[in-house]
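What follows is a set of notes on a single structure, which appears directly below.
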Amino acid sequence: MDEDMVDLAGFDSTAALHRGREIDVSDVFCEPLAMTSAYTFTSAQDAWERFSGQKEGNVYSRFTNPTVTALERRVAAMESAEDAVAFASGMGAFAGLCHAFLQQGNNIVCSRDVFGTTVNAFRNYMGRFGIESRFVDLTDLSQWDAAIDGNTRLVVMESPSNPTLKIGDIQAISRFAHAKGALLVVDNTMLTPVFQQPHTFGADLVIHSAGKYMDGQGRVLAGIVTGSTVMTRELRGVLRTLGISCSPFNAWLILKGLETLEVRMLRVQDSAIELSNWVSRQGCVRSVHYTGLTDHPQFALASRQQQGHGGLICFEVKGGQEAAWRWIDALLLVARCTNIGDTRSMVTHPATTTHCRLSEIERQMAGISDGMIRMSVGLESLKDLKKDLRQAFDVIERQYPSNSENHTHAESCQ
Ligand SMILES: *Cc1c(COP(=O)(O)O)cnc(C)c1O
């Protein structure tokens with residue numbers, strides 16, 4: 001093509017690509033968002049040194065990116081860990097863990113009432129690669145001891161469990177794991193490092209679904225794993241090769257979320273303590289699960305292991321699924337939404353949503369009844385939350401009158 005013809009267009013194509021690329025972000029106060037897939041090298045030698053790992057530096061955003069690195073460093077510091085690796089989602093982080101630490105013939109020992117998809121990932125997906133999963137009762141130490149053997153590589157627990165709010169003894173379970181050379185993984189999504197630091201009780205790896213309380217605004221998905229640099233090197237190798245990477249944009253939003261994590265956690269906890277006590281006094285409520293209730297069967301362990309109790313409460317209404325659905329459908333302010341850790345309060349019916357893929361027997365073993373309702377308490381005023389819950393209780397109270405002293409109806413709930 002004739003070069004003169006390009007000039008005739010009067011448009012500087014090169015300027016549109018290259019002008020203004022030198023941006024100095026050294027004095028910006030809010031962390032800059034590095035939306036980039038690639039990085040420039042000062043020389044061919046520099047590229048070789050970074051690619052081969054002789055020199056620190058970014059190569060490609062599948063495995064490192066400045067904004068994602070900022071998130072990793074911040075979460076590592078908050079969990080008192082040497083390092084962290086971010087992933088595309090919480091389940092992406094679990095997939096990363098499995099690929100980093102397991103091989104054919106190994107087994108996973110996991111508490112029965114972890115996040116439902118975690119059970120599915122281990123049993124139905126890792127199972128295909130010759131990895132056996134053994135599920136045990138979170139609270140029964142003898143079951144952990146019996147299940148962990150010389151082929152166990154990962155011991156996985158979530159405490160408190162969701163939605164039943166049972167507690168596992170991290171220190172005791174870490175001793176069983178370490179005695180057989182296995183790594184203890186603790187899912188700390190629900191309490192966050194504000195209320196629980198599992199590494200200080202012997203956890204080797206701590207995992208978060210970072211789109212929950214860490215972002216705290218229900219906007220993004222991300223996962224993060226903290227641990228020693230020996231372990232994060234393995235995880236980063238998986239990231240580099242299998243590419244379950246965290247978006248810089250998501251990392252940037254979560255960095256902002258982390259700045260308010262402590263005040264949000266304290267606020268939802270205050271409301272959750274008040275609401276769980278109040279809900280337990282309602283006539284149509286059979287039981288309430290919250291580790292902050294002094295009559296929680298493991299309140300002593302909770303007080304030893306946790307600095308707080310978080311914002312998730314769970315209660316069982318009399319009248320089974322029908323009453324639970326009716327109560328949920330009556331809500332006017334609280335959202336019907338299957339998530340946790342948003343600024344806004346939301347409820348879900350675990351038996352027919354998060355845990356619907358479990359068999360009835362498995363649900364029973366995990367303690368998930370048909371009348372159970374899980375609530376992620378948000379930042380609304382307590383007055384408005386109680387008002388909404390009150391009118392929903394009134395709706396089922398009319399349908400299933402209770403004989404509680406708060407109510408005048410003679411007939412008991414089913
Ligand atoms: C949501 C959640 C996960 C899965 O995380 P995603 O980011 O949704 O993939 C894992 N563990 C717990 C406790 C969760 O709440």
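The values are calculated or read from the model by the stated rules, or taken from the named source; none is laboratory data. Because the structure is predicted, anything quoted here is derived from the model rather than measured. Please note: Cβ atoms are built from the backbone with ideal geometry, for glycine as well, and neighbour counts cover all protein chains shown. Heavy atoms of the whole protein, side chains included, go into the accessibility calculation; ligands, DNA and RNA do not. Shrake-Rupley method; radii C 1.70, N 1.55, O 1.52, S 1.80 Å.
Results, tabulated for the structure shown:
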quantity	calculated
Sole exception among (1) surrounded by fewer than 21 Cβ atoms within 10 Å (Cβ to Cβ); (2) within 16 Å of the ligand (Cβ to nearest atom); (3) of a type outside the set (V, I, T); (4) closer than 30 Å to T291 by Cα for A203, by number	(1)
Any hit, region 353-360, residues being touching a Ser or Thr at 6+ places or on another chain (Cβ under 8 Å), of a type outside the set (D, E) and at pLDDT 95 or above	no
Selected residue (criterion: nearest to the ligand (Cβ to nearest atom)) from residues of region 142-163 that are in contact with an Asp or Glu (Cβ under 6 Å, 6 or more places away or on another chain) and not in a helix (DSSP H, G or I)	E158
Answer from T117, T139 - the residue that is open to solvent by 40 Å² or more (accessible area, probe 1.4 Å) and within 12 Å of the ligand (Cβ to nearest atom)	T117
Subset of region 313-343 (residues that are within 17 Å of the chain's Cα centre (by Cα) and open to solvent by 50 Å² or more (accessible area, probe 1.4 Å))	C337, T338
Any hit, region 348-371, residues being in contact with a helix residue (DSSP H, G or I) (Cβ under 7 Å, 6 or more places away or on another chain), within 16 Å of the ligand (Cβ to nearest atom) and closer than 17 Å to A272 by Cα	no
Filter pass, N65 being at pLDDT 95 or above, open to solvent by less than 30 Å² (accessible area, probe 1.4 Å) and closer than 27 Å to R219 by Cβ	yes
Neighbours by Cβ (under 7 Å, 6+ apart or cross-chain): first from region 256-281, over 18 Å from H296 (Cβ atoms); second open to solvent by less than 60 Å² (accessible area, probe 1.4 Å) and assigned to a helix (DSSP H, G or I)	L261/T192; L261/V194; E262/V194; M265/T192; M265/V194; M265/F195
G223 vs. criteria in the same structural domain as F101 (by the TED database), within 21 Å of S376 (Cα to Cα) and in contact with a strand residue (DSSP E or B) (Cβ under 8 Å, 6 or more places away or on another chain)	yes
Residue that is farthest from the ligand (Cβ to nearest atom), among those in region 97-114 that are in a loop (DSSP other than H, G, I, E, B) and under 17 Å from the mean Cα position of the chain (by Cα)	R112
Residue list for region 178-197, restricted to those being in contact (Cβ under 8 Å) with a residue 40 or more places away in the chain, away from the ligand (no atom under 13 Å from the Cβ) and either in a loop (DSSP other than H, G, I, E, B) or not aliphatic (A, V, I, L, M) (or both)	A182, P193, F195, Q197
Exclusive hit being touching a Phe, Trp or Tyr at 6+ places or on another chain (Cβ under 9 Å), farther than 30 Å from M372 by Cα and open to solvent by 20 Å² or more (accessible area, probe 1.4 Å), set R153, R175	R153
